[in-house]
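The values are calculated or read from the model by the stated rules, or taken from the named source; none is laboratory data. Just so you know, these numbers come straight off a predicted model, no measurement behind them. In this analysis, Cβ positions are derived from the backbone assuming ideal geometry, glycine residues included, and neighbour counts consider all displayed protein chains. SASA here: full protein model, heavy atoms, side chains in, ligands and nucleic acids out. Shrake-Rupley method; radii C 1.70, N 1.55, O 1.52, S 1.80 Å.
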Amino acid sequence: MMAASGATILVPRASAAPLSAEQPGMRGSIDAAQYRAIPESGDKKNRNLQQMIEKAARENVPLFLPSGTYRISNLTLPDNTRISGVPGATRIVYTGEGHLFAADNVGRIELSNLVIDGSNRSLADYAGALVQFTGVGEVLIDNCEIVGSRKHALQLEGCGGRIERSKISGAGQSGIYAVESAGLSISGNTVSDCGNGGILVHRWKKAEDGTIVSGNRVFNIRANDGGTGENGNGINIFRADGVTVTDNQISDCAFTAVRANSGSNILISNNQCRRSGETAIYVEFEFVGAVVSGNVIDGAANGISIANFDQGGRLASVTGNVIRNLTLKGPYKHEVGFGIGIAAEADTLVSGNVIEDAPRWGLQIGWGPYLRNVVVNGNVVRKSPVGCAVSVAEGAGSAVITDNIFQEMGKGAVMGFEWEKQVSDELADGSSRYKQLTVERNRIS
């Protein structure tokens with residue numbers, strides 16, 4: 001059953017001749033119909049596959065599972081586990097009463113070319129996901145399908161490595177839940193039809209994380225457990241600093257396409273965000289440092305929100321985004337309201353953006369006293385009742401609003417607000433009585 005060093009482990013049927021070192025031992029060159037990795041009977045099936053996994057890991061060789069359905073539960077993966085199958089044809093089906101794959105405090109785990117099916121069966125209380133790894137230095141999951149988990153599909157705690165080219169769908173919670181990561185990359189995956197989240201990058205305490213989330217397709221994400229933003233997000237960053245979210249296609253999320261909560265030094269760029277139920281891109285709460293650039297937002301309640309100066313959220317650059325087709329309707333009642341293109345509060349540059357069809361305000365600069373050092377320059381705002389609503393409430397700080405184009409404004413281009421109440425006439429002509437505001441060279445057409 002063990003080929004020469006570096007070969008693949010295969011278990012033949014009783015009637016088949018054993019493999020010799022000269023026989024081909026990898027995909028495509030093996031007649032998969034002649035082989036099966038485990039016998040048909042109950043508990044022995046688990047023991048045999050577990051033993052095969054352990055033997056392959058000890059010998060530092062991959063375990064190849066030919067085409068077929070493997071009905072199994074409660075597999076524990078040792079260090080140096082490498083399991084591969086035939087893409088779309090090697091199906092590992094969870095039978096219930098525990099977990100499917102788990103690994104704890106090992107150096108390296110690789111899964112490739114497998115279909116991992118939870119069959120919507122219940123997982124044990126201790127199991128957070130169908131595939132759950134803790135403290136694995138290097139996880140590689142490549143070209144797999146993970147479907148039908150009652151909880152998270154894939155949960156990684158304290159892991160590094162790469163999750164790539166895989167399809168994850170039908171999870172009761174999220175598709176990928178990564179917490180306390182170390183050098184993790186999540187790229188080129190499709191995550192869809194999940195109950196509460198798509199890709200989650202979290203930490204227990206705010207700290208450097210550095211996960212890269214790029215080139216994924218995330219769609220049809222619900223918020224089955226409700227709330228006002230903790231669920232229903234395509235890509236959700238929480239307390240994780242230094243995360244990069246780039247070049248993703250995100251659509252039809254109950255709340256937000258990309259939501260960063262208390263994540264500093266975050267880069268959100270070149271994402272396509274379509275039909276978000278709430279704010280398409282949200283940077284909120286205790287963050288310092290965010291770049292939001294080059295994103296396309298088509299359909300949302302709000303476009304981009306850089307919020308919560310009252311909680312220390314500040315220091316951002318919002319440039320080169322295209323935002324269109326917003327709505328006044330959101331999933332809950334909000335104190336500010338919906339239908340806003342870009343909102344920013346503190347130490348933020350808002351420049352070179354194009355906003356069309358924001359049915360409340362094109363730009364919201366500050367909220368009550370929460371305004372400091374915001375520059376609004378070179379933006380194009382079309383078809384909004386108010387082009388730029390700037391806070392002039394008591395305690396509000398300074399803003400510079402220059403060289404913007406406002407076209408087809410219903411009420412005005414630049415107007416002062418105290419909280420939600422309009423308190424000024426048109427300010428875009430430069431006749432502002434508010435010393436903390438510089439409003440110059442804006443064009444109204």
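Considering only alpha-carbon pairs that sit under 8 angstrom and 6 or more positions apart, the relative contact order computed for the stretch 162-214 is 43 percent. Short-range pairs are left out: with C-alpha atoms under 8 Å and at least six residues apart, the relative contact order of the chain is 6 percent. Ordering 143, 187, 349 by Cα displacement along the dipole of the chain toward the positive end leaves 143 in first place; charges were set at the Cβ atoms of Lys, Arg (+1) and Asp, Glu (-1). If the segment from residue 126 to residue 443 were pulled out straight at 0.36 nm per residue, it would be longer than the present Cα-Cα gap by 108.0 nm. Between the alpha-carbon centres of the stretch 157-226 and the stretch 272-311 there is a gap of 18 Å. When both bridge partners sit in the stretch 297-428, DSSP labels roughly 5% of those beta bridges antiparallel.
Under the simplified labelling scheme, the residue 89-residue 354 pair shows an inter-label distance of 4.8 nm, with each label point 7 Å from Cα along Cα→Cβ.
Only residues of the stretch 313-327 count here: report those whose backbone N is under 20 Å from the spot 7 Å along Cα→Cβ of residue 286, or say none. The answer is 313-316.
Which is farthest toward the positive dipole end of the stretch 121-277 among 237, 126, 272, measuring Cα position about the Cα centre, with Cβ charges +1 (Lys, Arg) and -1 (Asp, Glu)? The residue sitting most towards the positive pole is 272. Placing +1 on the Cβ of every Lys and Arg and -1 on the Cβ of every Asp and Glu, with no other charges, gives the chain a dipole of roughly 820 debye about its Cα centre.
The slack in the chain from residue 373 to residue 310, taken as 0.36 nm per residue of separation less the alpha-carbon distance, amounts to 21.2 nm. Each 10 Å bin from 0 upward holds the following percent of the Cα-Cα pairs of the stretch 126-284: 13, 47, 36, 3. For the chain: lysine pairs with Cα atoms under 17 Å, gap of 8 or more or different chains, count? Lysine pairs meeting both conditions in the chain amount to 5. The helix-only estimate of mean residue ellipticity at 222 nm for the chain, built from DSSP H runs of length n ≥ 4 each weighted as -39500 (n - 2.57), is -1500 deg cm²/dmol after division by the residue total. Distance from a point 7 Å along Cα→Cβ of residue 423 to each backbone N in the stretch 358-400: keep the residues under 17 Å and list them by number. The answer is 365-372, 389-399. Taking the accessible area of the chain, probe 1.4 Å, and keeping the other protein chains in place, the carbon and sulfur fraction comes to 46%. Between residue 436 and residue 105, the contour length at 0.36 nm per residue exceeds the alpha carbon distance by 113.6 nm. Local charge for residue 265 was computed over the other residues whose Cβ lies under 9 Å away, with Lys and Arg +1 and Asp and Glu -1, and equals -2. Grouping the Cα pair distances of the stretch 281-399 into 10 Å bins from zero gives a pair-distance distribution of 16, 50, 32, 1 percent in increasing distance order. Principal-axis analysis of the Cα atoms of the chain puts helix 42-59 at an angle of about 80° to the longest axis.
If every alpha-carbon in the stretch 51-160 counts as one equal scatterer, what log10 I(q)/I(0) does Debye give at q = 0.20 1/Å? Evaluating at q = 0.20 Å⁻¹ gives log10 I(q)/I(0) of -1.05.
Accessible area per residue for the chain, computed on protein heavy atoms with a 1.4 Å probe, is 39 Å². For the chain, leaving out every one of the GluC sites (Glu not before Pro) that falls in a DSSP loop and has at most 12 other Cβ atoms within 10 Å, the longest unbroken run is 98-334. Kirkwood hydrodynamic radius, computed over distinct alpha-carbon pairs, for the chain: how many Å, to one decimal? Hydrodynamic radius (Kirkwood, Cα only) of the chain equals 23.5 Å.
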